[in-house]
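Shown next, in structure tokens, is the structure this report addresses.
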């Protein structure tokens, strides 16, 4: 079991710009906590698998398919695999990323 409530140390993490912490990873799924300071961003990128991004605290802006979408505390965003996207923290924020891992095979 993993608690998703904001941690007391997260403001210090956010002061560093951006931090991520893997909460769970299997062959098909990865769940990560992202902590972003206001104004910091994750540049445009894409991943092969589908993903959801849930804002647990604060607010962010996600640019995908050529349009910016606000993401506020309690809101969830779904993106198809392969969609180029970027994330910018509007306020200090904590995000929960759930990523479907496609086409990965365990090393033999």
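So the values come out like this:
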item: Of all residues making up region 34-52, the number that are more than 15 Å from residue 100 (Cα to Cα) and outside any loop (DSSP other than H, G, I, E, B); result: 8
item: Candidate set: region 91-106, residues that are in a loop (DSSP other than H, G, I, E, B) and farther than 13 Å from residue 18 by Cα; chosen: the one modelled with the highest pLDDT; result: 101
item: Residues that are surrounded by fewer than 15 Cβ atoms within 10 Å (Cβ to Cβ) and in contact (Cβ under 8 Å) with a residue 40 or more places away in the chain, drawn from region 68-85; result: 84
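The values are calculated or read from the model by the stated rules, or taken from the named source; none is laboratory data. Just so you know, these numbers come straight off a predicted model, no measurement behind them. When we count neighbours, we look across all protein chains shown, and the Cβ atoms used for this are built from the backbone with ideal geometry, even at glycine.
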